[in-house]
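Only one structure is covered here, and it is reproduced in the block below.
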Amino acid sequence: MPIQTTTNIWHNGSLIPWDKAQIHVMSHVVHYGSSVFEGIRCYAQPNAASIFRLPEHMARLVDSAKIYRMPLPYTVEQLSAAVIDVVEANGVAPCYIRPIAFRGYGELGVNPLKSPVEVYIANYPWGKYVPGTSGADVCVSSWSRLAPNTMPTLAKAGANYMNSQLIRMEAEINGYSEGIGLDTNGYLSEGSGENLFLVRGGVLYTTPLANSVLNGITRSSVLTLAKQLGIEVVEQALPREMLYICDEAFFTGTAAEVTHLRSVDRIMVGDGTMGPITKALHDEFFGIVHGTLPDRYNWLTPVNVKVAEPVGV
Ligand SMILES: Cc1ncc(COP(=O)(O)O)c(C=O)c1O
């Protein structure tokens, strides 16, 4: 889906025109992938627009930067305020928000420490990511996720997405909508841009942080909702074949939201429809983000943007 431009982009403390947000080809990030970033959704509610879990996303950005010794000259609060500024200035909701910090134009050696840190925040209208409203047909990738102590998966770093690209391209070329990566020990890890959940015998399983996953904010939201709904939750290493014998499976992510899996490697998950535990979590999640259920965990940050048409659940 081509990017739909908006008017302003936030850069190092000021709003600049979209077309002026440019970098030099010799910037460090272009050559070595030295960026950390976030993906955040701003949802429409019946009479409002609100950003989902804004401080948590900005805290993860700060964590990602810390892992890469990239000093960010802004606090979580300042970054959150900057996101609100750019969203309100552009007046577009619902939208996707992309804050990014990277090593800019300075030196071209591998060591990034002499290259300046640049921070940008853009937003633009954006819709569904994993295609298929009746469930996603996915595969297990021939590519593994990042090995421990190579690329840190708790950092949402641009370079990690070279691995995601391999998984996603292979899946789409072979006729699937997404690929699931195993970790380097062969245990389930996550999709190219989503965390993975399975249900078997009424128990909700997800892969733990030690299996090369991003600490997904939607994942943590779903874990909170599951606990509140009284669903038993188990975070443990999961063998690949659990995908073939589970009753339900779904992805979570800012882009994917809660997307149920219809099949994995052409083996039907349950009867292929959204199972009851997935549906309960899906309905809670969408109820909160679309404002039809109360925001009981304070997950929404309101923004002063007029929404032409509220989205339906
Ligand atoms: C590799 C990967 N895993 C999981 C997720 C889901 O994380 P979140 O729910 O914070 O969007 C994402 C999306 O950012 C991702 O890129």
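Okay, residues lined up against (1) over 15 Å from the mean Cα position of the chain (by Cα); (2) at pLDDT 95 or above; (3) more than 15 Å from the ligand (Cβ to nearest atom); (4) at negative phi:
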site: Gly109; (1), (2), (3), (4): yes, yes, yes, yes
site: Leu113; (1), (2), (3), (4): yes, yes, yes, yes
site: Ser134; (1), (2), (3), (4): yes, no, yes, yes
site: Met151; (1), (2), (3), (4): yes, yes, no, yes
site: Gln165; (1), (2), (3), (4): no, yes, no, yes
site: Ala171; (1), (2), (3), (4): yes, yes, no, yes
site: Gly175; (1), (2), (3), (4): yes, yes, yes, no
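If I filter the range 6-21 for residues that are of a type in the set (Ser, Thr, Tyr), under 30 Å from Phe285 (Cβ atoms), modelled with pLDDT of 95 or more and surrounded by fewer than 21 Cβ atoms within 10 Å (Cβ to Cβ), do I get at least one hit?
So far as the range 6-21 goes, yes, one or more of its residues are of a type in the set (Ser, Thr, Tyr), under 30 Å from Phe285 (Cβ atoms), modelled with pLDDT of 95 or more and surrounded by fewer than 21 Cβ atoms within 10 Å (Cβ to Cβ).
I'd like to check something: does the range 239-249 contain any residue that is of a type in the set (Ser, Thr, Tyr) and either within 16 Å of the ligand (Cβ to nearest atom) or under 26 Å from Leu300 (Cα atoms) (or both)?
Within the range 239-249, none of the residues are of a type in the set (Ser, Thr, Tyr) and either within 16 Å of the ligand (Cβ to nearest atom) or under 26 Å from Leu300 (Cα atoms) (or both).
Looking at this structure, is Pro99 buried (at least 18 other Cβ atoms within 10 Å of the Cβ), at pLDDT below 95, within 16 Å of the ligand (Cβ to nearest atom) and not aliphatic (A, V, I, L, M)?
no
Looking at Thr301, is it of a type in the set (Val, Ile, Thr) and closer than 23 Å to Glu232 by Cβ?
no
Among (1) small (Gly, Ala, Ser); (2) more than 14 Å from the ligand (Cβ to nearest atom); (3) farther than 30 Å from Tyr74 by Cα; (4) within 17 Å of the chain's Cα centre (by Cα), there is one condition Gly186 misses while meeting the rest; what is its number?
Exception for Gly186: condition (4).
Could you give me the residue pairs with C-beta distances under 9 Å whose first residue belongs to the range 179-191 and is at positive phi, whose second residue is in a strand (DSSP E or B) and surrounded by fewer than 24 Cβ atoms within 10 Å (Cβ to Cβ) wherever it lies, and which are 6+ apart or on separate chains?
Gly186/Ser144; Gly186/Pro239
Would you mind telling me which numbered condition in (1) in contact (Cβ under 8 Å) with a residue 60 or more places away in the chain; (2) crowded, with 17+ Cβ neighbours inside 10 Å Pro302 fails?
All conditions pass for Pro302, except number (2).
Pairs please, first residue from the range 98-115 and part of a loop (DSSP other than H, G, I, E, B), second anywhere and polar (S, T, N, Q), Cβ atoms under 8 Å, 6+ apart in sequence or on different chains.
Gly104/Ser27; Gly104/Ser115; Tyr105/Ser27; Tyr105/Ser115; Gly106/Ser115; Glu107/Ser115; Ser115/Ser27; Ser115/Ser34
Inspect the range 263-283 for any residue being in a loop (DSSP other than H, G, I, E, B) and within 16 Å of the ligand (Cβ to nearest atom) and give the result as yes or no.
no
The values are calculated or read from the model by the stated rules, or taken from the named source; none is laboratory data. This one's a predicted model, so the numbers in the text were calculated from it and none came from an experiment. Methodologically, a virtual Cβ is constructed for each residue, glycine included, from the backbone with ideal geometry; neighbour enumeration extends over all protein chains shown.
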